[in-house]
Amino acid sequence: MSLNVSNLTIHHGAICAVNSVSLALPTGRLAAIIGSNGAGKTTLLRALSGLNKPTHGEITWMGESILGKKAENLVRRGISHVSEGKSVIPQLTVKENLELGAIWRRNKKELSESLDQVITIFPRLGERLAQRADTLSGGERQMVAIGRALMSKPRLLLLDEPSLGLAPLVIEQIFQIIRDLTTSMRITVVLVEQNAMGALKIADLGIVLNLGRVVAVDHADALIANPAVRAAYLGY
Amino acid sequence: MIQLLNTLLIGITSGGICALMAISMVLVWRSTRVINFAQSGMALLSTYFGYEAIVNLKSFWIALPVAMIGGALFAAFIEVVFMRLLVKHSSSGPIASVAPIIATLGLLGIIRAIVSMIWGGQDVRIVGPLSNDGFTIGGETLVFSPLKLLILISVIVLMLLLSILFQKTNLGLSLRAAAYAPEIARLSGIKVDLVRTLGWALAGAAGAVAGMFQTINANGYLSPYSIEFSILLVSGFIAAVIGGLESLVGAVIGGLVLGVSVSFILMYVSSSLGFIAPFIILLIVLFIRPQGIIGAKAARRA
Amino acid sequence: MRKHKESSHLLPFILGGVVLYFLSGMVDELRVYQGASIAVYVVAIASIILLTGYSGQVSLGHGALMAIGAYAAAVFRIEFNLPIVLCFVVAVLVAAIGGALLGAAAARLSGPYLAGTTLALAISLPSLANEFAVLGGEQGLLFDVGSAPLSLGKEFTQYKWFFWIAALAALTSMWLLQNILRSRYGRNWRASRGNEVAAQLAGINTARSKILAFTISAGIAGLAGALLSMTIGTVSPSAFPLNLSFSLLTGAVLSGLSTLSGAMIGAVVLVAIPEIAEVVAERIGSSENITTNLPGLLVSALLVLTVLFVPNGPVEQHHARKAKKAAKKKELNILTKPSMEGNT
């Protein structure tokens, strides 16, 4: 198991947003966390990348505890987080946005290698490198956001609602790319999604959160087949 | 014709000094979302550092970097011990929106009081490296002088260096990213707190140059409650507002617009409007284009 | 929120006046003069509390508005030989007009912009005095309110007369402000300060409400300016330096920006600080440089410390601490119940 979460509890003031959540994820697997609004998905994800401070519990990554470590240091340990809502900096160019992801490495050669790699994955960004990010379409911005995360050569990629606000065709494309990242590059991925069906289809493992608690964990296919989950989250 | 050119050059010189001050205010605004009214106090202290260096080392060209380094260190110190505390403590009640403003004013008072405790309230003098007597062209003596020309060239060089720093280096990219989107910057591995302190240090250095040049551009006299530094503060603020407060390019344009228009008003309308003209320009800008004369979109560009 | 009884609340102010009357007969001349200064500061600080504490606008330029009031009073006194009461009324009116103009610009501006704009005003306006001969240039104008009427007796000194005028003006303006704040306008200000959009949705014209606050505040500041120059005897640009605006702001912050009655605290501190500084300087037996700058340092340090540690003033802080304790109890109750709602 490369990522291990045990008994994690997180409070927002007096409200308990995540309540004794445990999960384990082997290297190179894709876990989808689904659940309704306010289930604690984003809070959980932000704790994994160091943006939130948990109240109790433990998180280990590659056998070492990362609890309470700062986000800027976790990037150096291979954990990249793409936060909700096309997290790009609109005032910067596409190239600058991408370079940000590798800025802590201070190695020009590695940087240009990573840039080439990202452009191979998202060819469309290659044509738009000099453009400001606010001239891009929603789907392109999401590509920049994921591309930036990839620039830091992550071993664990945390994605928060990459499908938000995108057209169905674009969503399918983005999900396909995310699947390829795990399959071909052996990146471990935790994907938080409202689009439960789309996420479970590409995931290995599915986790259903409700009011901060894990209510179901299973193989993604099994969850899709589970009548209760279908009724509550997949809408049929 | 020569008079026109003279007026323009004087305006550009004082505008360039304003622009440096505006840059330091914009840098602080972008990194901490505070208009730092203590910026003039910080520039004042740095200029006194420069004065000490001139007295002891007898060279303006050593004094300038001394002032810059002193200003940078002091600004970084203020950010670490003062602003972080302020951000932590003042977040509620009717005072929340005015607390940073009031706190930086208090800081200005403290700095000025300490400076006059150390150096006394009397004038001291900083002599520039060149003569401030105007050029003579065709028997006519202008206000524009070799010293002003030197200031003008130095300001241009500094701005070029700054723009290279911001556009071409990793530090520049970190500074911009941390200013626009601190969370994304953190997620990219940028140590945002450190970068913020560096932003303040850079602002302190820019303010130091503005203070040194403002002093020698006037008459070289320096005192803790000198009106020159209040003018520098206000005109830096006005230039930053003209430029839209977010943009370094805007700050430079704002400084030039302000400097040149004040220079023309002084030359062709009345020479006693020096204090009131910038205020009127500010009011006009605020009424016509509160977002600054560079459109909101273009102004975001660093 | 504490409830106020709806009445004109005249009684406490009359009582205060009576107490001051007897007090002024009991102390020496210096104290009487300091009493007059405190009364002047009370008026000036009240004008800032009204503007910043209640209407949420910040002004670093109240020194300039005070200058407007002072010059107006002096010019009318000299040119038209107006009775002294009318001079103060003129000071209020002219400064209020200035405030209305500034307020119209201010209503469009948010915090830092407004602060910078008023700061620019504070720096640029006093220099205008050099532009017009009628304002007397650097030397300024004499402002003589005359000596006390003979009917008050021979013993009645000039300083006591200053004190009476200033104290009466302070009591009157506090009483007026208290009533304005309890009126519809006061409620509108508090509503707009809390949440401008919500106030607009509730039908409050927030821009007009802000301009009104600025106008009234400027009028009161104008009165304070006229009173200040009465105690000095002259009106000149140097009587209204940038530091005056800063001191007033310090006084207002020390008083607690949201309690009008706290203006007294700030005023007393501002007057006391030079004395305290003198004592401290004597103790440490320091050089002249330090002695002359100690008051400035103390004022500024106090300002910073207040903003950092008692941001809402000593009075409000006390109430807030009580409220916090009560809230904590409630919070504990919530925690013990099972939480019904999650949150991401």
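With the structure loaded, tell me whether A:Ala228 is surrounded by fewer than 19 Cβ atoms within 10 Å (Cβ to Cβ), closer than 23 Å to A:Asn7 by Cβ and either modelled with pLDDT under 90 or within 14 Å of the chain's Cα centre (by Cα) (or both) or whether it fails that test. No, not satisfied.
Out of B:Val87, B:Val26, one residue alone is in contact (Cβ under 8 Å) with a residue 24 or more places away in the chain, among the β-branched types (Val, Ile, Thr) and out of contact with any Leu (no Cβ under 8 Å at 6 or more places or on another chain). It is B:Val87. For the stretch A:178-197, filtered to residues that are more than 13 Å from the chain's Cα centre (by Cα) and part of a helix (DSSP H, G or I), the residue that is surrounded by the fewest Cβ atoms within 10 Å (Cβ to Cβ) is A:Ser184.
Within the stretch C:224-262, being within 14 Å of another protein chain (Cβ to nearest Cβ) and not in a helix (DSSP H, G or I) holds for C:Phe240, C:Pro241, C:Gly256, C:Leu257, C:Ser258, C:Thr259.
What pairs come out if I take residues in the stretch C:297-308 that are more than 7 Å from every other protein chain (Cβ to nearest Cβ) and part of a helix (DSSP H, G or I) and pair them with residues that are buried (at least 24 other Cβ atoms within 10 Å of the Cβ) and not hydroxyl-bearing (Ser, Thr, Tyr) whose C-beta lies under 6 Å away, six or more apart or interchain? What qualifies is C:Thr306/C:Val253; C:Thr306/C:Leu254. When the stretch C:101-115 is filtered for residues that are without any contact (Cβ under 8 Å) to a residue 12 or more places away in the chain and either of a type in the set (Val, Ile, Thr) or in a helix (DSSP H, G or I) (or both), the ones remaining, listed by number, are C:Leu101, C:Pro112, C:Tyr113. In the stretch B:55-69, the residues that are under 19 Å from B:Ala43 (Cβ atoms) reach residues that are modelled with pLDDT of 90 or more and among the acidic types (Asp, Glu) with C-beta atoms within less than 9 angstrom, at least six apart or across chains, in these pairs: B:Ala63/B:Glu52; B:Val66/B:Glu52. Within the stretch A:119-138, being crowded, with 21+ Cβ neighbours inside 10 Å and within 14 Å of another protein chain (Cβ to nearest Cβ) holds for one residue alone: A:Ala133.
Scanning the stretch C:156-207 for residues that are closer than 15 Å to C:Gly56 by Cα, under 22 Å from the mean Cα position of the chain (by Cα) and touching a residue at least 12 places away in the same chain (Cβ under 8 Å) yields C:Leu181, C:Tyr185, C:Gly186, C:Asn188, C:Trp189, C:Arg190, C:Ala191, C:Ser192, C:Arg193. Only a single item in (1) in contact (Cβ under 8 Å) with a residue 60 or more places away in the chain; (2) of a type in the set (A, V, I, L, M, F, W, C); (3) farther than 28 Å from A:Leu100 by Cα is not met by A:Leu223, and it is number (1). Filtering the stretch B:166-178 to residues that are at the interface with chain A (Cβ under 9 Å from one of its Cβ atoms) and either without any contact (Cβ under 8 Å) to a residue 60 or more places away in the chain or of a type in the set (Gly, Ala, Ser) (or both) leaves B:Asn170, B:Leu173, B:Ser174, B:Ala177. For residues in the stretch C:187-208 being among the polar types (S, T, N, Q) and more than 18 Å from B:Ser97 (Cα to Cα), which is farthest from the other protein chains (Cβ to nearest Cβ)? The residue in question is C:Asn205.
The conditions of being in a helix (DSSP H, G or I), farther than 24 Å from C:Val268 by Cα and touching a strand residue (DSSP E or B) at 6+ places or on another chain (Cβ under 8 Å) are met by C:Ile78. Here is a check on your reading of the model: is B:Ser46 at the interface with chain C (Cβ under 9 Å from one of its Cβ atoms) and of a type in the set (Ser, Thr, Tyr)? Criteria not met by B:Ser46. Exactly one residue among C:Gly140, C:Gly98, C:Gly146 is in contact (Cβ under 8 Å) with a residue 24 or more places away in the chain and within 14 Å of chain B (Cβ to nearest Cβ), and that residue is C:Gly98. Listed by first and then second residue, the pairs linking a residue in the stretch A:47-73 that is within 14 Å of chain B (Cβ to nearest Cβ) and among the hydrophobic types (A, V, I, L, M, F, W, C) to a residue that is part of a helix (DSSP H, G or I) and surrounded by fewer than 17 Cβ atoms within 10 Å (Cβ to Cβ), with Cβ atoms under 8 Å apart and 6 or more places separating them unless they lie on different chains, are A:Leu51/B:Glu183.
Only one of A:Arg77, A:Arg105 is within 11 Å of another protein chain (Cβ to nearest Cβ), modelled with pLDDT of 85 or more and surrounded by fewer than 22 Cβ atoms within 10 Å (Cβ to Cβ). Can you tell me which?
A:Arg77
Among what's in the stretch A:1-51 and is of a type in the set (S, T, N, Q), part of a loop (DSSP other than H, G, I, E, B) and in contact with a Phe, Trp or Tyr (Cβ under 9 Å, 6 or more places away or on another chain), pick the residue that is modelled with the highest pLDDT. It comes out as A:Ser2. Only one of the numbered conditions (1) within 30 Å of B:Ile276 (Cβ to Cβ); (2) in contact with a Gly (Cβ under 9 Å, 6 or more places away or on another chain) is not met by C:Glu196, and that is (1). Within the option set B:Leu85, B:Leu108, B:Leu73, B:Leu57, being more than 9 Å from chain C (Cβ to nearest Cβ), more than 16 Å from B:Ala201 (Cβ to Cβ) and either surrounded by fewer than 22 Cβ atoms within 10 Å (Cβ to Cβ) or touching a helix residue (DSSP H, G or I) at 6+ places or on another chain (Cβ under 9 Å) (or both) holds for one residue only, B:Leu57. When the residues of the stretch B:179-191 are filtered to those that are of a type in the set (A, V, I, L, M, F, W, C) and at the interface with chain A (Cβ under 7 Å from one of its Cβ atoms), the one that is nearest to B:Thr32 (Cα to Cα) is B:Ala181. Among residues that are in contact (Cβ under 8 Å) with a residue 12 or more places away in the chain and more than 14 Å from chain B (Cβ to nearest Cβ), A:Thr182 is included.
Being in contact with a Leu (Cβ under 8 Å, 6 or more places away or on another chain) and closer than 15 Å to C:Pro237 by Cα is a condition met by no residue of the stretch C:48-59. Of C:Ile276, C:Ile220, C:Ile211, all but one fail to be more than 14 Å from chain B (Cβ to nearest Cβ) and either in contact with a Ser or Thr (Cβ under 8 Å, 6 or more places away or on another chain) or not in a helix (DSSP H, G or I) (or both); the exception is C:Ile220. For the stretch A:80-102, a residue qualifies if it is modelled with pLDDT of 90 or more, surrounded by 23 or more Cβ atoms within 10 Å (Cβ to Cβ) and more than 9 Å from every other protein chain (Cβ to nearest Cβ), and the qualifying residues are A:Val94, A:Leu98. Would you point out the residue of the stretch C:67-115, among those that are of a type in the set (Phe, Trp, Tyr) and buried (at least 17 other Cβ atoms within 10 Å of the Cβ), that is nearest to C:Gly136 (Cα to Cα)? By that ranking, first place goes to C:Tyr71.
The values are calculated or read from the model by the stated rules, or taken from the named source; none is laboratory data. Every value quoted in this text rests on a predicted model; they were computed, and no experiment measured them. Ideal geometry is used to build each Cβ from the backbone, glycine not excepted, and the neighbour counts take in all protein chains shown.
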